Amino acid sequence: MKPLRTIAILAALAVSSASAALAEGDKVKISDLNWTGPQAVAHVIKAVIKGPLASDAEIVKGLSDQSVIAAGMDKGDGTVDVWTELWLPNQQALWDKYISGTKTILRNDNPYKGVEGIFVPSYMADKVKSVDDLKKPEIAALFDAEGTGKGQYFPGDAGWKSAKVWQVKFKYYGLSDLWTPKLVSDDVFKSQLKAAYADKKPILFYYWTPEWLFAAYDLTRVQEPPYKDGCIDLKLDEEDWLNASQFSCASPDASVYVAYAKSLEKRNPAVACFLKQVSFDPALMSNWILAIGRDKTDPQDLAEKWVKNNPDTVNAWIKGCKS
């Protein structure tokens, strides 16, 4: 027979181990998508969970493959609990499999809109309102910064899918004779935009929201023919991709969700309630991305200060979520 003191110590250790296991089980694991917008979102979600919700959360470093994230959430075992940016229609296949299909992944009620297109600084908006304006030789000439006889536009970093997409679009808009793509890196483009904006010079480029450019500069989207069924048929992997593809309309706006494992409803119901109610404003996100991406603010510091300074918004996100 063990002495009573030994039994008491073992019992205390058992309780301590059980408490530690419970705390570990309750910890919310957040994805680590490797672009600045979801990094900001991840840290804000973590700050709300660890602060007002008095729970625990961790951003799992390197967890950026969205198929892996979705499969982990499907297991429901706490391997990963939060997918910070689920873009539709980009991730439609994963949505169909896990949200509409197995129903093991849930999402927030209020997604924000992600918009992509071609833009000009707003000081050029009186001259360039739509792609029809780009068909005018005198307008194209304004954007001929290199003296090539054609206007230049930035279709995206040379490694991005958009670099091909916008060449297809310019072909279908009848602009190829007047315009040529300027295939440079994203960093080079951003330096060119900064210089052009400072001198009020013309510049035409592809980008999307939310992004820090829209917090730093006053930009206007160039109007395109509206999206309709059948206006997109991309075959960018074919050898003759430019002639094989079609894209003759504006890209449809994306709906961007925060997704979370359904198992959180039992494992951490307060956090599941919060994630269902959370919503983000693209303009606010552009400011977060500006601070983190351009100005190198530590995302954890930004998130904790923002949560502390915006109690009304945070309280709306967690209303009814705490026991």
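Along the chain, the exposed loop sites are GluC sites (Glu not before Pro) outside DSSP states H, G, I, E and B with at most 11 other Cβ atoms within 10 Å, and the longest stretch free of them is 1-145. Remark on Tyr112: its backbone amide H falls under 5 Å from those of Val256, Phe280, a criterion applied only to residues 5 or more positions apart or on other chains, H modelled at 1.01 Å from N. Sorting Thr180, Thr148, Thr104 by the number of Cβ atoms found within 10 Å of their own Cβ, with the fewest placed first, yields Thr148, Thr104, Thr180.
What is the Å³ per residue value for the convex hull set by the Cα atoms of the chain?
Details: hull volume 56.2 nm³, N = 323.
In the chain, the Cα convex hull volume per residue is 174 Å³.
As a length-normalised measure over Cα pairs under 8 Å and 6 or more apart, the relative contact order of the chain settles at 25 percent. Per-residue 3J(HN,Hα) values for region 79-91, derived from phi via the Karplus relation 6.51 cos²θ - 1.76 cosθ + 1.60 with θ = phi - 60°, read 4, 8, 10, 10, 10, 6, 9, 9, 8, 10, x, 4, 10 Hz in sequence order (x marks Gly and Pro).
Using the Cα centre of the chain as origin and beta-carbon charges of +1 (Lys, Arg) and -1 (Asp, Glu), tell me which of Ile45, Ala270, Ile289 is placed farthest towards the positive end of the dipole. With unit charges placed on the Cβ atoms, the residue in question is Ala270. Loop-located trypsin sites (Lys or Arg not before Pro) in region 183-249 (DSSP state other than H, G, I, E, B) with a sparse environment of at most 16 neighbouring Cβ atoms within 10 Å: Lys200, Lys228, Lys235. Looking only at the chain, where both bridge partners belong to it, what percent of the DSSP beta bridges are antiparallel (to the nearest 5)? Around 70 percent of the beta bridges assigned by DSSP in the chain are antiparallel ones. If only the Cβ of Lys and Arg carry +1 and only the Cβ of Asp and Glu carry -1, the dipole of region 115-247 around its Cα centre is close to 320 debye.
Positive end of the dipole of region 115-247 (Cβ unit charges, origin at the Cα centre): among Ala125, Pro225, Tyr172, the Cα lying farthest that way belongs to Ala125. Beta-bridge orientation, region 115-247: approximately 65 percent antiparallel, per DSSP, counting only bridges with both partners inside. Backbone geometry of region 150-155 corresponds, through the Karplus equation with coefficients 6.51, -1.76 and 1.60 at θ = phi - 60°, to 3J(HN,Hα) couplings of 10, x, 9, 9, 9, x Hz, x marking Gly and Pro. Taking the helices alone, the chain has a mean residue ellipticity at 222 nm of -11500 deg cm²/dmol, built from -39,500 (n - 2.57) per DSSP H run of at least 4 residues and averaged over all its residues. Within the chain, helices built from complete DSSP H runs that reach 27 Å or longer along their own axis (Cα positions) and carry a mean Kyte-Doolittle hydropathy of 0.5 or higher are 4-26.
Taken over region 115-247, the percentage of Cα pairs per 5 Å bin, counting from 0 up to the bin with the maximum distance, is 2, 10, 20, 25, 22, 14, 6, 2, 0. Comparing Ile69, Phe214, Ile30 along the charge dipole axis of the chain, the residue lying farthest to the positive side is Ile30, per the Cβ-charge model.
Placing +1 on the Cβ of every Lys and Arg and -1 on the Cβ of every Asp and Glu, with no other charges, gives the chain a dipole of roughly 1040 debye about its Cα centre.
The spacing between region 167-244 and region 59-110, judged by their C-alpha centroids, is 30 Å.
Laboratory data are not the source of any read-out in this text; all were calculated from the coordinates shown. Here the structure is a predicted model, which is why all the values come from computation and not from measurement. Ideal geometry is used to build each Cβ from the backbone, glycine not excepted, and the neighbour counts take in all protein chains shown.
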